[in-house]
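The values are calculated or read from the model by the stated rules, or taken from the named source; none is laboratory data. The shown structure was predicted, so the numbers you read here are calculated from the model rather than taken from an experiment. Neighbour counts are summed over all protein chains in view; Cβ atoms, including those assigned to glycine, are modelled from backbone coordinates with ideal geometry.
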Amino acid sequence: MLLESVSIQNFRNYKSLDINFNSRLTFFIGENGEGKTNFLESIQMLSTLKSFRDNSDDEILGWSKDTFYIGANVLRDNVRQKLELGYTKKESKKKKIKVNGDEVSKKIEFIGNLVTVVFSPLDLKIIDGGPAERRRLLDSILSMINKNYHINILEYNNILKHRNTLLKNKVSSIKEFIPWEQMLVQRGNIVMEEREALVEFLREKFKTNLFDLSGKKDDFEIAYIPNIKDKNKYMELLNSKRETDLRLGYTSIGPHRDDLFIGKEKRDITEFGSQGQKRSTVISIRTAQFQYIKNKINDTPILLIDDVIRELDIKRREYFVNLLLGSGQAFFTTTDLEGIKDYIGDLKEKIQVFMVKSGEMEEVSIESL
Ligand SMILES: Nc1ncnc2c1ncn2[C@@H]1O[C@H](COP(=O)(O)OP(=O)(O)O)[C@@H](O)[C@H]1O
Ligand SMILES: [Mg+2]
C-alpha cells in the first residue's frame, strides 16, 4: 500500500497543505508544537475516521474554522483510490466521506481502504490503561481489517446495552431476557474466537520482537484472558448470573470483561516494568500488529511513527530502523535525525525529509541536514 499524496485544510494548525510522496521512508523534522503529530494524525484519521489522540472532531478543527478537509491518493495493487474526509461543524451530518468522488454512507465501508499502524508515546496506555485499553487494542486491530468483526462487536455492544437496560429497569420476566441473551451469546462467541486467534498470532511475534528489541534481555508474554472460560457454558452462566446482574444493574460476565495479560510469570508488567521495558513492550506489540495485518491483508500497512525513535537507546534504534526498512512505507516524526542518520546513509535517495514549522512544511535534501 502506498500513500502518494495528502491534502489537508484547516486541520489543527495546518491551514492548507498539499504534499506528494515519492519514497518509502519520509521524515518530518521539527521542534515541539510545530505540527508533526498533527500531520500523522490527519493520515490516521483517513484510515479509522477517529483520532488516535481521542480528541473530538471539533477539537481537531482549526481554531475559528468551520470545516476541515483531509484527502489522499492511495495506490494499492496498482489501483489508485482517492479518499476524502470532510467535516462541517454546523451541519447535522457533520462528516462526509468519499471514495473516488462518490460519497460513502457507512463509515464501516470506508474503513479499511487505508490501513495504518500508529506508533505513539500515547501507546503506553496499553500498559497502564487496564483491561479496557487492552480490549480496545484487540478490537481496533480486528476492526480495521475485518468488517464482519467490526459489525459484530458493534452489535455485541448494542445488545449488551439492551440487556443492561432490562437489568436497570428490574424487569423480572425471563422471557424478555431470552432473545437478547441468545443474540448476546451468538455475537459474544465470535468476539471471543476472533480475539483468541488474534492473540495466538501476536504472541509469538511479540516475544521475538521484544527479545530482539531488548538485546535478548526481556522475555515477556502476552496472553488472552477471556472472561468466559468455557464457551459452552456461556448461556448457562448468563442464566445463573441473572439474579446477581439484576441487583448490580449491569451484565457482570462476557467478553466485555476480557483482559489481555502482558507480563512475566503471572505478574503483570505494571507491577515490575521499568519505563524502558514498558516502551519496548508497546513497540513490540505494535510491530506484531503490523506483522499480523500484513499477513492478513497480504499487503503492507502504512506505518505512522510518532516520536518513537527518541525513546530508544542506540541498540534499540538499530533494531527498529531495520524493521522499518523491511516495511512498505513509513512516516516518521522526530525533533532531529541524531542516531538515525547512520542507519539510513545507504538509502539517501529513497528518503524524503520535510521540515515542519508552524503548520507548514518544506522539503529539504538529506545532505543539507
Ligand atoms: N484545533 C487546533 N487548531 C489550531 N491549532 C491547533 C489545534 N490543535 C492543536 N493545535 C496546535 O498544534 C500544535 C501542536 O502540534 P503537534 O503536531 O502536536 O506538535 P509536534 O510537532 O510537537 O508533534 C500546537 O501549537 C497547538 O497549539
Ligand atoms: Mg508530537
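A compact table of results
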| quantity | calculated |
| --- | --- |
| Test set (1) buried (at least 21 other Cβ atoms within 10 Å of the Cβ); (2) within 16 Å of ligand 2 (Cβ to nearest atom) - Gln289 fails condition number | (2) |
| Which numbered condition Leu83 misses (of (1) of a type in the set (A, V, I, L, M, F, W, C); (2) surrounded by 19 or more Cβ atoms within 10 Å (Cβ to Cβ); (3) away from ligand 1 (no atom under 13 Å from the Cβ); (4) in contact (Cβ under 8 Å) with a residue 40 or more places away in the chain) | (4) |
| Subset of the stretch 155-179 (residues that are surrounded by fewer than 19 Cβ atoms within 10 Å (Cβ to Cβ) and touching a helix residue (DSSP H, G or I) at 6+ places or on another chain (Cβ under 8 Å)) | Glu155, Asn157, His162, Lys170, Val171, Ser172, Ile174, Glu176 |
| Matching residues, the stretch 29-51, being out of contact with any Leu (no Cβ under 7 Å at 6 or more places or on another chain), within 12 Å of ligand 1 (Cβ to nearest atom) and within 20 Å of Ala72 (Cα to Cα) | Gly35, Lys36, Thr37, Asn38, Phe39, Glu41, Ser42, Ser51 |
| Criterion (aliphatic (A, V, I, L, M), at pLDDT 95 or above and away from ligand 2 (no atom under 16 Å from the Cβ)) met by exactly one of Leu46, Leu40 | Leu46 |
| Among the residues listed as Ile190, Ile145, Ile141, Ile126, the single one being in contact (Cβ under 8 Å) with a residue 24 or more places away in the chain and farther than 30 Å from Phe332 by Cα | Ile190 |
| Some residue of the stretch 91-98 being touching a residue at least 40 places away in the same chain (Cβ under 8 Å) and surrounded by 19 or more Cβ atoms within 10 Å (Cβ to Cβ) | yes |
| The listed residue being free of Cβ contacts under 8 Å to residues at least 12 places away in the same chain and assigned by TED's automatic domain parsing to the domain that holds Met355, out of Asp102, Asp58 | Asp102 |
| Enumeration of residues in the stretch 292-325 that are touching a Gly at 6+ places or on another chain (Cβ under 8 Å), surrounded by fewer than 16 Cβ atoms within 10 Å (Cβ to Cβ) and among the basic types (Lys, Arg) | Lys315 |
| Single unsatisfied condition, Gly30 versus (1) more than 16 Å from ligand 2 (Cβ to nearest atom); (2) over 20 Å from the mean Cα position of the chain (by Cα); (3) surrounded by 14 or more Cβ atoms within 10 Å (Cβ to Cβ) | (1) |
| Arg257 being surrounded by 17 or more Cβ atoms within 10 Å (Cβ to Cβ) and in contact (Cβ under 8 Å) with a residue 40 or more places away in the chain | no |
| Enumeration of residues in the stretch 208-246 that are closer than 30 Å to Lys294 by Cβ, basic (Lys, Arg) and either without any contact (Cβ under 8 Å) to a residue 24 or more places away in the chain or in a loop (DSSP other than H, G, I, E, B) (or both) | Lys216, Lys217 |
| Only listed residue being touching a strand residue (DSSP E or B) at 6+ places or on another chain (Cβ under 6 Å), modelled with pLDDT under 85 and among the hydrophobic types (A, V, I, L, M, F, W, C), chosen from Ile340, Ile309 | Ile309 |
| Breaking point among (1) within 16 Å of ligand 2 (Cβ to nearest atom); (2) loosely packed, with under 14 Cβ neighbours inside 10 Å; (3) not aliphatic (A, V, I, L, M), for Asn78 | (1) |
